[in-house]
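The values are calculated or read from the model by the stated rules, or taken from the named source; none is laboratory data. All figures in this text were calculated on a predicted structure; none of them were measured in a lab. Note that we place each Cβ from the backbone using ideal geometry, even for glycine, and neighbour counts take in every protein chain shown. Accessible surface is based on the protein model in full, side chains and every heavy atom, while ligands, DNA and RNA are left aside. Shrake-Rupley method; radii C 1.70, N 1.55, O 1.52, S 1.80 Å.
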Amino acid sequence: MVTRRPPKVRPLALAALSLVAGLLAGLGGSAEAWTAGGALAVAIVGLAAVMRDERGPLVAAALLGIAVGGAVIGLGERSRAAADCRRGWRSGQRVRVEALAVGYLPEGERGSVRFRPGTDSGDRCEWAGELRAWAEGPLRPGARYELRGRWQPAQTPARAVRAPARWGWIVIDSLAAVEEAHLPDHPFLMLRGSLADRLWRIYPRRWAPLAQALVLGQRETMSPETTRRIANAGLAHLLAISGLHVGMIAAALFALGRIGRLSLGGARAFALCITCAYVALIGAPPSAVRAGLMVGLWTLARAAGRASSAFDVLGLAALILLLARPWSVAEPGFQLSFAGAAAVGYAHAEARRFLWRGRLPRVVRGLVIGAVSSAAAVLLTAPITAAFFGRVAPAAIVGNLAAIPLLALALPALFASALVAPWPALAAWPAGAAVLVLGGIDQVARTLGSAPLASFELAPPGLILALFYLTLLVLGAHAVHGAWQRRRFILALGVIGAVILAGPPLKARFATPGIAVYVIDVGQGDGIAVRTRNRHWLLIDAGPRIHGFDAGALRVLPFFREQGVRSLEAWIASHPDLDHVGGFPSVSQAVQVERVIGVGFVTGQIGQVAVLRQILTDSLLWLKAAAGSALHVDGLELTFLHPPDDIGASGVPEPNELSLVFALRYGEFRMLFTGDVPGAVEDRLSRIDSVAVRAQILKVSHHGSASSTSRLFLDAVRPQLAVISVGRANRYGHPSSHTLRRLMLHGIPVRRTDRDGTVVIEARADGSWRARTAAEGF
């Protein structure tokens, strides 16, 4: 066994981690963020204190000071963000903003574009970052536009720390150019727009978006299918200008300088200057800035004749970037870039020192070292990709070995074609070569993305689980050096293992008892999840599946991954329309379903047929619900009020008349679910038993259609809140203005998924409740 001592922990790397801990605590501002940041800071200080060095206590004190300073900076940035004008915007609110375009869109194309805002509605307004907008081209970087549209908050549950630029976007209805771009004012933006336009004109429509992404990092025109395919293959870093791109460009520039007979120092300076200009040209994303800083620091160290540690250079680059842009710490690009660089650097150095390095051919050694480095990056970044994207892609271990050489071939051809674009006959040569390589990259992504276990979905790990996982990686790295006998690592493993084992019981012991109802934003349809007090789950409907959109796969399952749902106590089909049951097959294939509950009346509709096939395939228990039946789970009761047991005896009813109407009861709390029942059914239920339909929360029937939610029904229910599950800009005109007016006249506040995103209602047995939305963060 190898008995070398593992590499020492570098002070600058520890300093960067301390700053990260402090910034996260300050930017988060919540008790959980302070707890997490404090725990990480204490761990870093403890690590420094046990370093076999007499300066350990001094280093520990310095790291603690850095963490405190980071917290102060984070609190300042959080206070500045609190004054951002987006903080006061409501979902669906009409806004007008004058802003400078940062992204590029060709004519007729739609996409999400970044802007640098100026003023809002003619008043001075504070902005803590860029603004995102959904627009239609043409848009030119460097030009100033007046944006008019509706504010759309982010539809995913808000994280503890989220930069203001990620709070939402403007859906633009009207876009007017205020001022054309001027080269002296915004040279990099204009040059970026010129290059993007050249690439768009040179390359076929299929390959132009990929060419723009690889050269400029612009993904506004990328199709969701292409993006998803590349992400599933673990090659998403190719679509962002990462350290890989910058490193290749810097190396190529250095080689060109040496070919041009520049001195060693001159070639380094030439490569550094052009690389920095390129990073500024593409908008300075965190991954590119990290790589540019590392190239610059390495060049300065070489010029000064000083030896440079890769981890010290990486730590110093992180410190510089975070001090300049504190919100970067919350971005996946920053976290993935630095974690990936650290993993690759460590694995590459260790793999090259293996005893067998001289026994294998050079090509084989290169492949093995590349595979080890790629595997290390996947392992270390797995908690980050799971937390932000709910997915880990082991296919990247193999995919990088094929895609990176192809990228190295594609970049020179792409740059050459953009530079000679004014001469189409000349540009056709490098463009044709680039198309061949782009086709190869796409084929690699297509092949790997469809392979078994190429990528799999994961629930976002909590802080404790992520720390435990990272500790295991550290122990594994030390095991390579024969360091298992070191007591402090065994002790660390035991402590973290004990916390993992004790965590769930402690959380259950101190958790606030209650239930939660999540009205998921599934578009034009219904999909409602119910969490019981013991964290068992029910699902009511599963959203639509129509025109290539499967809400079960694209909305319900991502929500389940976010919540860690592995099984359902029951799936309740309110009625057989496709906008309610269409997503169930996808859900059933990914989550264990104990029982299916429906009306038991077969209509032959396409959605119901698909559900029945899935029930037969999975051998699921299918139960009939009728008026008077009930379901009990963890103290929660669902009492079914409609349809009657003899429904259909006098003829085939309309599908909406088959909708299940049931009351959810938990102690003193009541919520009424109405499916798509028409007003006649609501009125009949109100006359039969007005007490049975009374509830604090009403899930409005038929997405707010004018044919439901009658005055008589509202008088009987007396809800304190109405929730409407409805799609944005749907072709049915839901919710109806008549329904909204009736709710307003009864003084009932309304939450809508088309404007507010997913709505969550948290309730206790004493009848108290509160409602929050994705726009507000939950």
Handout entry: Cβ-Cβ under 9 Å pairs, at least 6 apart or on other chains, the range 544-555 side over 13 Å from Gly727 (Cβ atoms), far side among the basic types (Lys, Arg)
Key = Gly552/Arg545; Ala553/Arg545
Practice task
Could you check, for the range 606-623, whether at least one of its residues is in contact with a Ser or Thr (Cβ under 9 Å, 6 or more places away or on another chain), outside any loop (DSSP other than H, G, I, E, B) and surrounded by 21 or more Cβ atoms within 10 Å (Cβ to Cβ)?
Solution key: yes
Practice task
Pull up the range 243-268, narrow it to residues that are over 28 Å from Ala213 (Cβ atoms) and in a helix (DSSP H, G or I), then point me to the one that is least open to solvent (accessible area, probe 1.4 Å).
Solution key: Ala267
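When the range 100-116 is examined, which residues are found to be assigned to a loop (DSSP other than H, G, I, E, B) and open to solvent by less than 10 Å² (accessible area, probe 1.4 Å)?
Initial filter on the range 100-116 (assigned to a loop (DSSP other than H, G, I, E, B)): 102-104, 106-109.
Within the range 100-116, Val102, Gly103, Tyr104, Pro106 meet the criteria.
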Exercise for the section: Considering each residue of the range 272-289, count those that are farther than 23 Å from Gly257 by Cα and not polar (S, T, N, Q), and give that number. Expected result: 4
Exercise for the section: Only residues that are free of Cβ contacts under 8 Å to residues at least 60 places away in the same chain and farther than 23 Å from Val329 by Cβ: list them for the range 62-100, please. Expected result: Cys85, Gly88, Gln93, Arg94, Arg96, Ala99
Exercise for the section: Return yes when His734 is within 36 Å of the chain's Cα centre (by Cα) and at positive phi and no when it is not. Expected result: no
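Name the residue, out of Arg162, Arg198, Arg192, Arg206, that is modelled with pLDDT of 85 or more, of a type in the set (D, E, K, R) and assigned to a loop (DSSP other than H, G, I, E, B). Spell out the reasoning first.
Numbers: Arg162 fails: modelled with pLDDT of 85 or more; Arg198 fails: assigned to a loop (DSSP other than H, G, I, E, B); Arg192 fails: assigned to a loop (DSSP other than H, G, I, E, B).
Of Arg162, Arg198, Arg192, Arg206, the one residue that is modelled with pLDDT of 85 or more, of a type in the set (D, E, K, R) and assigned to a loop (DSSP other than H, G, I, E, B) is Arg206.
For the range 658-713, what are the residues that are of a type in the set (Ser, Thr, Tyr) and open to solvent by 20 Å² or more (accessible area, probe 1.4 Å)? Reasoning before the result, please.
Let us first name the residues in the range 658-713 that are of a type in the set (Ser, Thr, Tyr), namely 659, 666, 674, 686, 690, 701, 705, 707-710.
Correct list: Ser690, Ser707, Ser710.
Would you tally the residues in the range 269-283 being of a type in the set (Gly, Ala, Ser) and surrounded by fewer than 19 Cβ atoms within 10 Å (Cβ to Cβ)? Give the steps one after another, and end with the answer.
So in the range 269-283, the residues of a type in the set (Gly, Ala, Ser) come out as 269, 271, 277, 280, 283.
Narrowing further to those that are surrounded by fewer than 19 Cβ atoms within 10 Å (Cβ to Cβ): 269, 277, 280.
So the count comes out to 3.
On the given criteria, is Ser328 farther than 25 Å from Ala284 by Cα and either hydroxyl-bearing (Ser, Thr, Tyr) or open to solvent by less than 20 Å² (accessible area, probe 1.4 Å) (or both)? Outline the logic, then answer.
On the way: farther than 25 Å from Ala284 by Cα: no; either hydroxyl-bearing (Ser, Thr, Tyr) or open to solvent by less than 20 Å² (accessible area, probe 1.4 Å) (or both): yes.
For Ser328, the condition - farther than 25 Å from Ala284 by Cα and either hydroxyl-bearing (Ser, Thr, Tyr) or open to solvent by less than 20 Å² (accessible area, probe 1.4 Å) (or both) - is not met.
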Exercise for the section: Give the residue, chosen from Ala771, Ala763, that is touching a Gly at 6+ places or on another chain (Cβ under 7 Å) and over 25 Å from His575 (Cα atoms). Expected result: Ala763
Problem - Failed condition for His632, given (1) part of a helix (DSSP H, G or I); (2) open to solvent by 30 Å² or more (accessible area, probe 1.4 Å) - result: (1)
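Which residue is surrounded by the most Cβ atoms within 10 Å (Cβ to Cβ), if the candidates are limited to the range 400-417 and must be under 27 Å from the mean Cα position of the chain (by Cα) and small (Gly, Ala, Ser)? Before you say what the answer is, go through the steps one by one.
Residues of the range 400-417 that are under 27 Å from the mean Cα position of the chain (by Cα), as a first pass: 400-404, 407.
Narrowing the set further to residues that are small (Gly, Ala, Ser) leaves 402-403.
Working: Ala402: 18, Ala403: 24.
Among them, the one singled out is Ala403.
Restricting attention to the range 209-242, and to residues there that are assigned to a loop (DSSP other than H, G, I, E, B) and among the aliphatic types (A, V, I, L, M), which single residue is surrounded by the fewest Cβ atoms within 10 Å (Cβ to Cβ)?
As a first pass, look at the range 209-242 and keep what is assigned to a loop (DSSP other than H, G, I, E, B): 217-223, 233-235, 240-242.
In the following step, the residues that additionally are among the aliphatic types (A, V, I, L, M) were identified as 222, 233, 235, 240-241.
Details: Met222: 18, Ala233: 29, Leu235: 24, Ala240: 21, Ile241: 28.
Per the criteria, the residue is Met222.
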Handout entry: Flag for Ala570 being free of Cβ contacts under 8 Å to residues at least 60 places away in the same chain and of a type in the set (Gly, Ala, Ser)
Key = no
Exercise for the section: For the range 539-555, enumerate the residues that are surrounded by 24 or more Cβ atoms within 10 Å (Cβ to Cβ) and touching a Leu at 6+ places or on another chain (Cβ under 7 Å). Expected result: Leu539, Pro544, Arg545
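So in the range 293-316, with the set limited to residues that are surrounded by 15 or more Cβ atoms within 10 Å (Cβ to Cβ) and not in a helix (DSSP H, G or I), which one is modelled with the lowest pLDDT? Let's see the steps before the verdict.
First, pick out the residues of the range 293-316 that are surrounded by 15 or more Cβ atoms within 10 Å (Cβ to Cβ): 293-299, 301, 308-316.
If we keep only those that are not in a helix (DSSP H, G or I) too, we end up with 308-309.
On the way: Ser308: 69, Ser309: 74.
Going through the qualifying residues, I end up with Ser308.
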Problem - Gly432, sole failed condition from (1) part of a helix (DSSP H, G or I); (2) more than 11 Å from Ala233 (Cα to Cα); (3) in contact (Cβ under 8 Å) with a residue 24 or more places away in the chain - result: (3)
Handout entry: The one condition in (1) in a helix (DSSP H, G or I); (2) at pLDDT below 85 that Val329 fails to fulfil
Key = (2)
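This table checks each residue for (1) more than 30 Å from Leu631 (Cα to Cα); (2) modelled with pLDDT of 90 or more.
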site	(1), (2)
Val480	yes, no
Ala483	yes, no
Leu493	yes, no
Lys507	no, no
Ala511	no, no
Ile520	no, yes
Gly527	no, yes
Ile540	no, yes
Ala551	no, no
Handout entry: Tally, over the range 182-208, of residues that are without any contact (Cβ under 8 Å) to a residue 60 or more places away in the chain and open to solvent by less than 40 Å² (accessible area, probe 1.4 Å)
Key = 1
